[in-house]
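The next block holds one structure in the form of structure tokens; read it before the comments.
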Amino acid sequence: MKVDVKGHTTVIKNTAEGVAAFCEKVTHEHVQFAQQNLIIDLTHVTATLADVKLFSALSKVHRKGKKSFVLVALGLDYNAVPAQLHVVPSLQEAHDIIEMEEIERDLGF
């Protein structure tokens with residue numbers, strides 16, 4: 001697991017583990033990242049829709065804290081992803097979503 005903090009955003013990259021083990025590890029260490037917007041980078045593994053859904057509970061908990069939670073995964077049918085998860089194909093799109101959500105929060109939405 002590689003962690004990269006830039007400003008109000010933390011990018012956590014899965015470097016070696018399976019997606020389920022990685023999700024469990026991030027969930028266990030979530031307290032460290034609770035005050036940051038989170039980007040979970042799964043581009044170095046082949047993630048399935050079922051793998052992405054493993055992050056649903058963590059996403060819900062994190063967003064309750066008024067922080068963004070975005071997954072980056074390649075090769076998925078993004079229309080099949082549950083609406084409560086933000087899944088995009090690139091890190092740039094993840095940063096763009098976080099920026100838009102911060103603007104919405106600043107405006108009171």
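Of all the residues that make up the range 56-81, how many are out of contact with any strand residue (DSSP E or B) (no Cβ under 6 Å at 6 or more places or on another chain) and either assigned to a loop (DSSP other than H, G, I, E, B) or β-branched (Val, Ile, Thr) (or both)?
Of the residues in that region, 7 qualify.
Inside the range 71-95, can you point out the residues that are at pLDDT 95 or above and out of contact with any Ser or Thr (no Cβ under 9 Å at 6 or more places or on another chain)?
Of everything in the range 71-95, those that are at pLDDT 95 or above and out of contact with any Ser or Thr (no Cβ under 9 Å at 6 or more places or on another chain) turn out to be VAL87, VAL88, GLN92, GLU93.
Within the bounds of the range 87-96, is there any residue that is in a strand (DSSP E or B), touching a strand residue (DSSP E or B) at 6+ places or on another chain (Cβ under 8 Å) and either without any contact (Cβ under 8 Å) to a residue 40 or more places away in the chain or of a type outside the set (Val, Ile, Thr) (or both)?
Looking for residues that are in a strand (DSSP E or B), touching a strand residue (DSSP E or B) at 6+ places or on another chain (Cβ under 8 Å) and either without any contact (Cβ under 8 Å) to a residue 40 or more places away in the chain or of a type outside the set (Val, Ile, Thr) (or both), one finds at least one in the range 87-96, hence yes.
Which condition breaks for GLN84 when tested against (1) surrounded by fewer than 14 Cβ atoms within 10 Å (Cβ to Cβ); (2) part of a helix (DSSP H, G or I); (3) under 12 Å from the mean Cα position of the chain (by Cα)?
(2)
Restricted to the range 15-47, and to residues that are surrounded by fewer than 13 Cβ atoms within 10 Å (Cβ to Cβ), out of contact with any Lys or Arg (no Cβ under 8 Å at 6 or more places or on another chain) and polar (S, T, N, Q), which residue is nearest to LEU91 (Cα to Cα)?
Result: THR46.
Quick check on my filter: what residues within the range 61-81 are over 11 Å from the mean Cα position of the chain (by Cα) and either of a type outside the set (Gly, Ala, Ser) or within 17 Å of VAL11 (Cβ to Cβ) (or both)?
VAL61, LYS64, LYS66, LEU74, LEU76, ASP77, TYR78, ASN79, VAL81
Within the set of pairs 6+ apart or on separate chains, which have a first residue in the range 27-43 that is closer than 14 Å to THR15 by Cα, a second that is in a loop (DSSP other than H, G, I, E, B) and not hydroxyl-bearing (Ser, Thr, Tyr), and C-beta atoms under 6 Å apart?
LEU42/ASN14; LEU42/ALA73; THR43/LEU74
The values are calculated or read from the model by the stated rules, or taken from the named source; none is laboratory data. Just so we're clear, the structure is a prediction, and the values are computed from it rather than from any experiment. Methodologically, a virtual Cβ is constructed for each residue, glycine included, from the backbone with ideal geometry; neighbour enumeration extends over all protein chains shown.
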